[in-house]
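Just below is one structure, and these are the notes that go with it.
Read-outs throughout are calculated quantities, based only on the coordinates presented, and are distinct from any laboratory measurement. Predicted model only: the values in this text are computed from it and were never measured. Don't worry about glycine lacking a Cβ; one is built from the backbone with ideal geometry, like all the others, and counts go over all protein chains shown.
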Amino acid sequence: SSFLRKLQTTQGRASFTGGKSSTSQGNSFLVPGATMATIVMLGALHARRMYNDKKIEEAREKGVEFEFQPDIKATFLRLVPLRSISRFWGFLTSVLQSSKTDLGNRFRWKETRKQISASNENISETSTSVDALSALALGLRRMERLRSAVDVVVPTLSSKIAILERGNYRGERERERERERERERASERARRHFSSELPIWFRPHVYRAWARAFHSNLEEAAKPLNEYASLREFFVRSLKEDSRPIDSNPCCLISPVDGTVLRFGDLKEAGTMIEQVKGFSYSVSSLLGARPLLPSMEDVQQESRVQEKAPRDEDKKSWWRITLASPKVRDPEPASPMKGLFYCVLYLKPGDYHRIHSPVDWNVLVRRHFSGRLFPLNERATRTIRNLYVENERVVLEGRWEEGYMAMAAIGATNIGSIELFIEPALGTNRPRKKLLHSEPPQERIYEPAGAGVMLKKGDEVAAFNMG
Amino acid sequence: STVVLVFQAPISVPGDESVSSEFKFSIREGDRVRVGEALGRWNDS
């Protein structure tokens, strides 16, 4: 209202003065007006989102399940270059400082170059002096020969000269080493000035703001806040030891991440489909791209039938067969427990710890990388974007554990697009693509040695989600 | 970001009450879990 009052006053004055100052006064209000409008709009959007979230939470508490409802926003998102946006976001979070201090860096770089050239000059001077010393030593040796030939009275002179030579040489070598170290330090300083690091004093403020916005626990961070050079580095921070105690029960499967349980269940009756939301499911084989390792439902059902039939066959054996048979038949081995196929979907919020750990002891045999889209993965997106998990960029690890098959799919999102595998650091994800088509076949790698792959222990760090 | 786990685990044998090695989830939808916490358990028969 004060803004409007000011505007009216200005207009009144402008009309009184014949409109001479209207242009300049009007412009001065244009920027604050636009800023205020933006702030109001963002506030309104945030309030609406909070209201919607509250409604959703209340509905869920009442047991209402949300159905899949595609909307215009989801269609629009398909047209947006989300992969490029994601990479730009990663770039932004890792080079936040370079643009701010670009001029300062250039100035410092000039200074550093001057220092380096001065060091080089010193070195060239030193090398000249070393040459002179060598020539001197040569001359001294010749003199010594002359002296030894002419005068044998001074036998200790040569040894004294030799000591002097060695002393000079050692001292010069030490100084040379020191100059080399100084040059390295100068290069390191230059590298730091040009690298994508936040100023040390600024780092805790940025990370605390992030933690407040996304509810992160900063006390768990392994290092002091000022040691994380960028937001990207802070985002994939490791935790202090014993922050995440691993359940020691050998008969349990642990959570590989910090997150929220979206879905879980078994795939026996519902077929090999996982429900994204009510009314829409996606197939497990499309998610994992599995051919050789994922046991088909026929396999599971066949296994079940074999297990069910086995006791009845034993019952039908006649008395003489039992008498004459081997001890193995009389004392049959207990049947191994039947295996079902289960799944669990865990969602990581931006403030969560973003490293992935091994859920059990297992052997990773195959890795598949699907270079897909990078839709957001929030709750709204799951309700509006079809085939979200199947279309997004992801890395799938497949293998075996003591109970059979095991697969873990790490699915990227717009803000967290790349997945870093600790067992395969060379793997690059969220890279620019040469082809425009989204239906590229996955890149597969079979880990050596064949059949054993990479052994992971329960709780081992496997991968991390990176920003952008 | 999201992580999906797909795995085989023991299930109960129909008609055999003595073997109770069925895998059971110990979580509910909407639960917050942390690394190292059990998602499910089974009995070692």
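What does the structure give for A:238-247 when I average, per residue, the other chain Cβ atoms found within 10 Å of the residue Cβ?
Shielding by partners across A:238-247 averages 2.
How far is it, in nm, from the label point at A:Asn226 to the one at A:Arg183 when both lie 7 Å from their Cα along the line to the Cβ?
3.3
Calculate, for B:Arg32 and A:Glu448, the FRET efficiency according to 1/(1 + (r/R0)^6) with r their C-beta to C-beta distance and R0 30 Å; round to the nearest 0.05.
The computed FRET efficiency comes out at 0.20.
Counting other Cβ atoms within 10 Å, which chymotrypsin sites (Phe, Trp or Tyr not before Pro) in the stretch A:359-468 have at most 16 and lie in a DSSP loop?
Taking the stretch A:359-468 and a limit of 16 other Cβ atoms within 10 Å, the loop chymotrypsin sites (Phe, Trp or Tyr not before Pro) found are A:Phe422.
Note the full-extension length gain between A:Arg49 and A:Met143 as 0.36 nm times their separation in residues minus their Cα-Cα distance, in nm to one decimal.
24.5 nm
Where in the stretch A:43-96 are there GluC sites (Glu not before Pro) that are in a DSSP coil and have at most 13 other Cβ atoms within 10 angstrom of their Cβ?
Listed in order of number, the matching sites are A:Glu65.
What nm value, rounded to one decimal, do you get for the distance between A:Ser286 and A:Phe76 when each label is placed 7 Å out toward the C-beta?
In this crude spin-label approximation the distance works out to 2.5 nm.
When Lys and Arg each count +1 and Asp and Glu each count -1, what net charge do the other residues less than 13 Å away from A:Ala211, Cβ to Cβ, add up to?
Charge balance near A:Ala211 sits at +2.
Sum up the charges of everything whose Cβ sits under 13 Å from the Cβ of A:Trp362, counting Lys and Arg as +1 and Asp and Glu as -1, but leave A:Trp362 out.
The answer is -2.
Can you order the peptides A:131-142, A:40-51, A:222-233 by their average number of other Cβ atoms within 10 Å per residue, highest first?
A:222-233, A:131-142, A:40-51
Using 0.36 nm per residue, how much length does the chain from A:Ile200 to A:Ile56 gain when fully extended, once their Cα-Cα distance is taken away?
Additional length available on full extension: 47.7 nm.
With a cut-off of at most 16 other beta carbons within 10 Å, and DSSP calling the residue loop, which GluC sites (Glu not before Pro) in the stretch A:346-417 qualify? Please list them.
A:Glu402
What FRET efficiency do you get for A:Phe88 and B:Lys24 if R0 is 35 Å and r is their Cβ-Cβ distance, rounded to the nearest 0.05?
For R0 = 35 Å, the calculated efficiency reads 0.20.
Using the basic label-point model (7 angstrom from Cα toward the beta carbon), what is the A:Glu219 to A:Asp242 distance in nanometres?
Roughly 1.5 nm, to one decimal.
Pairs A:Lys339/A:Lys457; A:Lys55/A:Lys278; A:Lys349/A:Lys458; A:Lys240/A:Lys339; A:Lys54/A:Lys240: which exceed 27 Å Cα-Cα?
Cα-Cα > 27 Å for A:Lys240/A:Lys339; A:Lys54/A:Lys240; rest within.
Give me the net charge of A:Val236's neighbourhood, meaning all other residues with Cβ under 10 Å from the Cβ of A:Val236; Lys, Arg count +1, Asp, Glu -1.
Spelling it out: positives minus negatives among the neighbours equals +1.
Quick one: if you take sqrt(5λ) for each eigenvalue of the C-alpha gyration tensor of the stretch A:350-468, what semi-axes come out, biggest first, whole angstrom?
25, 17, 14
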